[in-house]
Structure formats: structure tokens, C-alpha cells
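First up is the structure itself, then whatever we jot down about it.
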Amino acid sequence: MSGAVVAMPALLGVYRPAPPVFVAGSGSWLTDAGGRRYLDFTSGLAVNALGHGSVVVADAIRDALGCGLVHASNLFRTRPAAELAEWLVAHSFAASVFFANSGAEANEAAIKFARRWAREAGGAEKHEIVSLRGSFHGRTIGALSITDRPEYRRPFEPLTGGMRIANPWAPGELEAAVDAGRTAAVILEPVQAEGGVRVLPPELLRRVRAVCDAAGALLMFDEVQVGLGRTGTLWAYETTGVVPDVLTLAKPLAGGLPMGAALLSERVAAAVRPGDHASTFGGGPLVASVALAVCRTVAEPPFLASVRSKALLLDSWLAALARRESVVEVRGTGLIRGLEVREPAAAVVDRALALGLLVCTAGPATVRLLPPLTIPDAELRAGLDLLEAAL
Ligand SMILES: *Cc1c(COP(=O)(O)O)cnc(C)c1O
């Protein structure tokens, strides 16, 4: 053994974390090891919807631990997963729910269930999943195969077959991509988040729904980032007039504990048989208890109304920022917003951090804002003042 030893970080270098080491959180604030406080407009990537140190989350964890049941596996029945599934069914189009542990896993499950349904509907040829230009659905091989990010895909090719990405803004491209004999499902994010915070217009969603119906294909919405209140309604699809056959959820679902879900319409659920899919951890009693508390909190009409009123404030404040020379465009809805800037978005993120504001990027040129849904109006304003200084 000889030669220089290269010191490798024990934590694998797949991330480029910012310098602060966070040791505490409260509401919209994080505190680093040096005692400095930062206003958090990332919410752990849309996960901490109720803010840090949420009493709802802490109480739910404590209550769930009280009976000593963290995990039992899906060999057995536990109550929280069943109650959470019933709640989700009662509050959506869905007839049945599968629980996973992340957004990518929820989408993997959705792909499998779509293929299961399509095989019965149209035979083995009917297996293709069509996703859209600008999409992000996760980093596992299947989810990556429906994600339109060449730089994430290229080092890991070949990806999964039977996937196709269509540009819905190119005349006829979507119609050509979706075929009655071949297509099992189209998957899309009603608000493309990682792809630059782009709200898909309702007329586009209606067109995709019509194309799917004409081809006997399912329509699947990935609301992993924008579902559960972030747009000011419980589900992002509610305001579009378009209802999907499958909906995937994850980020805010269990208050910071890992959980994903695939919500299925009756015809999709009816095609799934015991043994078709499984997850050792999926729907465990601890995470499901916490998720139920989060869901009940977010779905309260006054809670959703407060998100909408914060969104209105953001509309007017961001309209002022949009007139700045350094800003190309402001996009988004509810409490997910993107500012396209004339310099690398990462430079704005770094300057905001130095000023004590945490924001993130959505692609190379867009600064993304994801404040907690519980943020007080004054802190929302304070964050925008810091953002303006960073610009
Ligand atoms: C974050 C995200 C995913 C992936 O979720 P993970 O939990 O990181 O696997 C999938 N779809 C969308 C829309 C996302 O924002």
C-alpha cells in the first residue's frame, strides 16, 4: 500500500450542503451551531409545511410512541394506516391508497399500478408511461426514466424502457405520444416544481385529460411537492377542474418523517392483486399517525384560507420584485414561487444565506421560495425584504 491517501467525507458526496450546521428549529426559523438564526423559505424542500418544532407533529409522535408500536410490518394490520387511508379517500377522488416512504417510491408504485391496470385493459403492449418536458419525478431508476433532466439521467443510462417524454407545447407532440395500443398512463406535475416552478395551465391539463380518455390511458398527477395545502387548496388539482386517476404524495405528508402515498381511483385499485407490490416500512403506525395529524391540520378550512391570504400578499409583494432589472419573471402559486433571474440562481441563494434567509433553486436560473404554510405575515414580509437585498 502506498501513495497519497485522499480524504473522503464519511457522508457520501452526492449533495453540496451549505456551510451552516443546523442544531435547532422553531416555526419559520433554523438556528446554526454558532447561534445564528435563519429565516427558512425552503421548509426542508416543502416537507416542513407546519414549520419547525410543530406542536402538532411533536404531539402526534409522542402519542404514537405511547403505545410502543413504531413498526409491525404489513404482515399485520395496524390502525393508523387504515385511518389515514380512509381520511385520504374521504378527502379526494381516490378509492384506495398505497403507502410508500418517499416521493420517488410513490411514483414507482404509481407506474406499477398503471401498468397492472393497463395490462388488463389492453394487453402487454399497453405499458408505456408518458411524462412531460420539464418534469421531475424522482431519482430512482424508474422515476428517473420519466424525469426530463438530461444531466441527472445521462450518467446512469440505460434507464427503464417503455417510457416517453413529450413536449405538450409542441403542436401535436402529446397527441402523437399517447397511443391507445401502447400508452398505459400520462404522468405530470400540476405545478412543475424542480423544473422551474411552472404552473401548468388548466387548459393544458384539460387537453391531457382528453388525450388520455381518447386513448384509454390513465392520467396521473405527481403532487409530491405541491399537494397538501401548498397551493392554498388541499390538492393542487382541485382548482384545475381536472381529476386524475392516480395521485402521488410525499414531501409534507408526515410532518418530516418519511412517507409517500399513491392514491388510486376505483378502476386502478380494482386491477391490483395481493402480492403486486409491497414495502417493508410503508404505512407504519408511527408515520401514519403523524401523517393523519398533519392532514387533519392542513385540511381545516381556516388553515387553507390562511395559506390563500398569504398567497395574496405574496402576489402583490412579488409583483413589485418582478419589476426589478435583475428579475426576468416571477412564477408560481400559493406558497410555492419561483423568481427567474439574470444570473445563476445559486448566486442569489448564497447571498440570501449570508443575509440570513434560506431559499433554494429550481433549475439553473430560478430561485424557489417554499416558506412554511404556517409562516406569520410579518415573517413572510421580512423574508421578501432579505430576498430583495440579495437580488
Ligand atoms: C421531490 C419530488 C419527488 C421525489 O421525492 P423523493 O422523496 O426525493 O424521492 C418526486 N416528484 C416531485 C414532484 C418532487 O418534487
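The values are calculated or read from the model by the stated rules, or taken from the named source; none is laboratory data. Just so we're clear, the structure is a prediction, and the values are computed from it rather than from any experiment. Note that we place each Cβ from the backbone using ideal geometry, even for glycine, and neighbour counts take in every protein chain shown. Areas reflect the complete protein model, heavy atoms only, side chains present, ligands, DNA and RNA absent. Shrake-Rupley method; radii C 1.70, N 1.55, O 1.52, S 1.80 Å.
Of all residues in the stretch 312-345, those that are among the hydrophobic types (A, V, I, L, M, F, W, C), more than 21 Å from the chain's Cα centre (by Cα) and open to solvent by 30 Å² or more (accessible area, probe 1.4 Å) total 7. Exactly one residue out of Ser326, Ser316 is among the polar types (S, T, N, Q) and under 19 Å from Ala382 (Cβ atoms): that is Ser316.
Residues that are surrounded by 24 or more Cβ atoms within 10 Å (Cβ to Cβ), hydrophobic (A, V, I, L, M, F, W, C) and out of contact with any helix residue (DSSP H, G or I) (no Cβ under 7 Å at 6 or more places or on another chain) are absent from the stretch 87-99.
Quick one: would you say Leu264 is out of contact with any Ser or Thr (no Cβ under 8 Å at 6 or more places or on another chain) and at pLDDT 95 or above?
No.
Screening Gly275 with (1) closer than 30 Å to Thr366 by Cβ; (2) not in a helix (DSSP H, G or I) gives one miss only, at (1). Taken residue by residue, the stretch 10-30 has at least one member that is open to solvent by less than 40 Å² (accessible area, probe 1.4 Å), farther than 29 Å from Ala114 by Cβ and aliphatic (A, V, I, L, M). Against the definition (more than 30 Å from Val56 (Cα to Cα) and at pLDDT 95 or above), how does Asp385 come out, yes or no? No; evaluated as a whole, the condition is false for this residue.
When the test is whether a residue is open to solvent by 30 Å² or more (accessible area, probe 1.4 Å), without any contact (Cβ under 8 Å) to a residue 12 or more places away in the chain, among the hydrophobic types (A, V, I, L, M, F, W, C) and over 21 Å from Ser306 (Cβ atoms), Leu69 does not pass it. Among the residues of the stretch 209-245, those that are crowded, with 24+ Cβ neighbours inside 10 Å and β-branched (Val, Ile, Thr) comprise Val224, Val226, Thr231. The combined condition, being surrounded by 17 or more Cβ atoms within 10 Å (Cβ to Cβ), basic (Lys, Arg) and in contact (Cβ under 8 Å) with a residue 60 or more places away in the chain, is fulfilled by Arg198.
Got a sec? Which of Gly275, Gly256 is on the phi > 0 side of the Ramachandran plot and within 16 Å of the ligand (Cβ to nearest atom)? None of the other options fit; the residue is Gly256. Residue count for the stretch 115-138, restricted to those that are open to solvent by less than 10 Å² (accessible area, probe 1.4 Å), outside any loop (DSSP other than H, G, I, E, B) and out of contact with any helix residue (DSSP H, G or I) (no Cβ under 9 Å at 6 or more places or on another chain): 0. Applying the condition of being assigned to a loop (DSSP other than H, G, I, E, B) and within 14 Å of the ligand (Cβ to nearest atom) to the stretch 278-297 and asking which residue is least open to solvent (accessible area, probe 1.4 Å) yields Gly282. Screening the candidates Val97, Val47, Val70, Val55 for the property of being over 29 Å from Trp169 (Cα atoms), more than 16 Å from the ligand (Cβ to nearest atom), within 21 Å of the chain's Cα centre (by Cα) and not aromatic (Phe, Trp, Tyr) yields one hit, Val97. Close contacts from the stretch 241-257, counting a first residue that is within 23 Å of Cys212 (Cβ to Cβ) and a second that is of a type in the set (Lys, Arg) and open to solvent by 10 Å² or more (accessible area, probe 1.4 Å), with Cβ to Cβ under 6 Å and a gap of 6+ residues or different chains, come to Val242/Arg206; Val242/Arg209.
Checking the stretch 30-40 against the condition returns a match, with at least one residue being without any contact (Cβ under 8 Å) to a residue 40 or more places away in the chain, of a type in the set (A, V, I, L, M) and over 28 Å from Glu194 (Cα atoms). Within the stretch 349-382, the set of residues being buried (at least 23 other Cβ atoms within 10 Å of the Cβ) and part of a helix (DSSP H, G or I) comprises just one member, Ala352.
Please indicate, with yes or no, whether at least one residue in the stretch 246-268 is among the small types (Gly, Ala, Ser), open to solvent by 10 Å² or more (accessible area, probe 1.4 Å) and in a helix (DSSP H, G or I). Within the stretch 246-268, none of the residues are among the small types (Gly, Ala, Ser), open to solvent by 10 Å² or more (accessible area, probe 1.4 Å) and in a helix (DSSP H, G or I).
The rows are residues; the columns are (1) farther than 17 Å from Tyr152 by Cβ; (2) without any contact (Cβ under 8 Å) to a residue 12 or more places away in the chain; (3) away from the ligand (no atom under 16 Å from the Cβ).
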| site | (1), (2), (3) |
| --- | --- |
| Glu86 | yes, yes, yes |
| Ala90 | yes, yes, yes |
| Phe93 | yes, no, yes |
| Ala109 | yes, no, no |
| Ala114 | yes, no, no |
| Glu125 | yes, no, yes |
| Leu132 | no, no, no |
| Thr140 | no, no, no |
